[in-house]
1. Just to be sure I understand the curve: with the Debye formula and one point per C-alpha of region 26-136, what is log10 I(q)/I(0) at q = 0.11, 0.14 Å⁻¹?
2. Measure off 7 Å from each Cα along the Cα-to-Cβ vector at residue 44 and residue 73, then give the distance between these two points in nanometres to one decimal.
3. Using a Förster radius of 41 Å, what is the FRET efficiency between residue 25 and residue 131 based on their Cβ-Cβ separation? Nearest 0.05, please.
4. With labels modelled as points extended 7 Å from the Cα through the Cβ direction, what inter-label distance (nm, one decimal) is found for residue 117 paired with residue 32?
């Protein structure tokens, strides 16, 4: 793990662990990156776009990340306050197949932010669509 990658994980973990748990509704995972960027831009507080590249029905590390981090209250509370969540999924099972337009949209996001097709990969993007960093799990 690179020092930059390690630092990003430590920073995310620090913020997550320092938040109080609340029983509010979990934040919504969007599939529209453009809408997420607009939401971050229009937010009263500075929010970052948290783009999760996942293979939800075939990628074991993706499933572990979801269960061990993304569904934990500390992360959810941090996300409510500081993140706009975007899920860019690449399922393989026929029953989870995305509409063709969503597949193409996800592929275009992968070309921009995950050209090496690493799963899972988290891209942190600002409200100007600038990539601030990536995290691997």
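Read-outs: derived from the displayed coordinates by stated rules, not from any lab. Because the structure is a prediction, the values reported are computed rather than measured. We place every Cβ from the backbone using ideal geometry, glycine too, and count neighbours over all the protein chains shown.
1. The Cα Debye sum returns log10 ratios of -0.32, -0.53.
2. A separation of 2.5 nm, rounded to one decimal place.
3. Numbers: r = 29 Å, r/R0 = 0.71.
Once the sixth-power term is evaluated, E becomes 0.90.
4. Label at residue 117, label at residue 32, 2.8 nm between them.
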